[in-house]
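First comes the structure, then the notes that go with it.
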Amino acid sequence: MATWSIGSVTATRVEELLGVTNQACDAYFPNFEREILERHLGWLAPDHYSPRHDRFVTSVHSWLVRAGNLTILLDTCAGNHKDRPWTHRFHQLDTPYLQRLRAAGAAPEDIDMVLCTHLHADHVGWNTMLRDGRWVPTFPNAKYLFSRADAAYWDKRKNPLMTSDPRHAAYDDSVLPVVEAGQAVLIDDGYDVTGTLCVEAAPGHSPGHILFRLADAGKRAVFCGDVIHHALQVYAPHWNHMADESPPEAALSRRRLLESCAEQDALLFPIHFGAPHVARIEHGAKGFSVRFVPATSEV
C-alpha cells in the first residue's frame, strides 16, 4: 500500500472503494462547466475521469497516520452492512477494508485515535461494526475525535431538522454507539491533537467540517476531508459538490485550503482524489494548479 512521509510522520492510504461516481458530472457538481473538463482531459483520464462513462472517478479511502508512538486512522469510509438507501454506492457494502488495514500494518486493536473530518456516511462508516445484532466500536482501544459542531448538527436529538433527514442514520449507527461506549471526544477549532497535528474549522460541506494540519520537521501536510472532492476543483474552486450543506461557505473554505497549501508548500491529502491521491498545489497568474506526488514507499 502506498505511503507518504511528512517529516518523521507517515500516512498510508487504506482503500475502501475506487471507481466512477453514481452521478453524472453536472449532478456531482451542480455548477459544472464542461469546457473546463475538456481543457484538462489530457491528464484526467483514466484516474480521475472515465470518458467511456462520462463520469468522474473518485476514491473512498482512509489515511493511516503514524506520528511518534501514536497510530491514527483518519476518516473511516462507508463501512460494511450499513443501510444507506439514499446513496447506492455506500448501501450495504461488504468490502475487505479491515483486511486492507491489517495489510497496512494495523489491526483494529492497534488504533489509538480515530479522527473524523465530518460525520457524513462515507467518513464514519468503519467507526462501528455489527456484532450480535448491535453496532459496536470497531477500534476498542481508540479515542474517536468528532467535531462538536458537526455532532450537534447530525444528532436528531439535538437538531429537530434531522428527524426528517434519512442521513441522520449515519450518526445513529456510526457515531452514537461510540459516544455511548465512552470513546468519543468532542473537539473544536484549534484543538491540538498530537503537538504536530492540529484542528482547523472548514465549514460548508457540513456545518462543523474540520481539517487536520500537520507540521513536522519543517514539512507540512493537510488532511482535508471533503473541503475538496476532485482534483479538477483545483482549477475550478468555485465548483460546489452536490452534498455541500452551505455552498458559499464550502467554496470559501476550499479556496482558503488551496491558498494555504500553495503558500506553505503543504502536501494535500484528500479522501476522494483518484491516483496517485496526494498532491501539491501551485498558484500562478491563471489560478491554482495541481502537481501529483507519488508515494515515497509501498507497504
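Since every read-out is calculated from the coordinates, none of them should be taken as a lab result. Just so you know, these numbers come straight off a predicted model, no measurement behind them. Every residue, glycine as well, gets a Cβ built from its backbone with ideal geometry; the counts of neighbours run over all protein chains shown.
Remarks
- Packing rank of 188-194, 122-128, 148-154, where each peptide gets the mean count of other beta carbons within 10 Å, highest leading: 122-128, 148-154, 188-194
- Listed residues TYR97, ALA215, THR3: farthest to the positive end of the dipole of the chain (Cβ charges): THR3
- Per-residue Cβ neighbour rank within 10 angstrom, fewest leading, THR138, THR196: THR196, THR138
- In this calculation the C-beta distance from MET242 to SER8 is compared with R0 = 25 Å, giving a FRET efficiency of 0.05.
- Averaging the sequence gap over all C-alpha pairs within less than 8 Å and six or more residues apart, then dividing by the number of residues, gives the chain a relative contact order of 18 percent.
- With a Cα cut-off of under 28 Å and a minimum spacing of 8 residues unless on different chains, the lysine pairs in the chain number 7.
- Fully extended contour minus Cα-Cα distance, from HIS91 to ASP265, at 0.36 nm per residue: 58.9 nm
- Near the amide H of LEU267, within less than 5 Å, lie the amide hydrogens of ARG220, ALA221, VAL222, all on another chain or at least 5 residues away, with H placed in the peptide plane.
- Given charges at beta-carbon only (K, R positive; D, E negative), |dipole| of the chain in Debye: 260 debye
- Inter-centroid distance (Cα atoms) of region 217-260 relative to region 35-55, Å: 20 Å
- For region 171-183, 3J(HN,Hα) computed residue by residue from phi via the Karplus equation (6.51, -1.76, 1.60; θ = phi - 60°) reads 5, 5, 9, 10, 10, 4, x, 5, 4, 5, 7, x, 9 Hz, glycine and proline entered as x.
- Additional length obtainable on full extension of the chain from TRP43 to ARG256, 0.36 nm per residue less Cα span: 74.2 nm
- Residues LEU93, LEU232 arranged by fewest to most Cβ contacts within 10 Å: LEU93, LEU232
- Computed FRET value (nearest 0.05) for LEU18 with ARG157, which takes r as the C-beta separation and R₀ as 51 Å: 0.90
- Long-range HN-HN contacts of THR71 with modeled amide H, under 5 Å: ASP112, MET113
- Sites ARG280 and LEU186 - FRET efficiency at Förster radius 30 Å, r taken between beta-carbons, to 0.05: 0.40
- When the charge dipole of the chain is built from unit charges on Cβ atoms (+1 for Lys and Arg, -1 for Asp and Glu) and taken about the Cα centre, the candidate among GLN23, LEU119, MET242 whose Cα reaches farthest toward its positive end is GLN23.
- Debye-sum result for the chain in log10 I(q)/I(0), which assumes one identical scatterer on each alpha carbon, at q = 0.11, 0.12, 0.13 Å⁻¹: -0.61, -0.73, -0.88
- Nonlocal amide H pairs with ALA2, under 5 Å, H built at 1.01 Å: ARG13, VAL299
- The listed peptides 41-48, 223-230, 4-11, ordered by packing as a protection proxy, come out as 223-230, 4-11, 41-48 (highest mean of other Cβ atoms within 10 Å first).
- Helical content alone sets the calculated 222 nm signal of the chain at -5000 deg cm²/dmol, taking -39,500 (n - 2.57) per DSSP H segment of four or more residues and averaging over every residue.
- Whole-angstrom gap from region 105-142 to region 150-183, using each part's C-alpha centre: 15 Å
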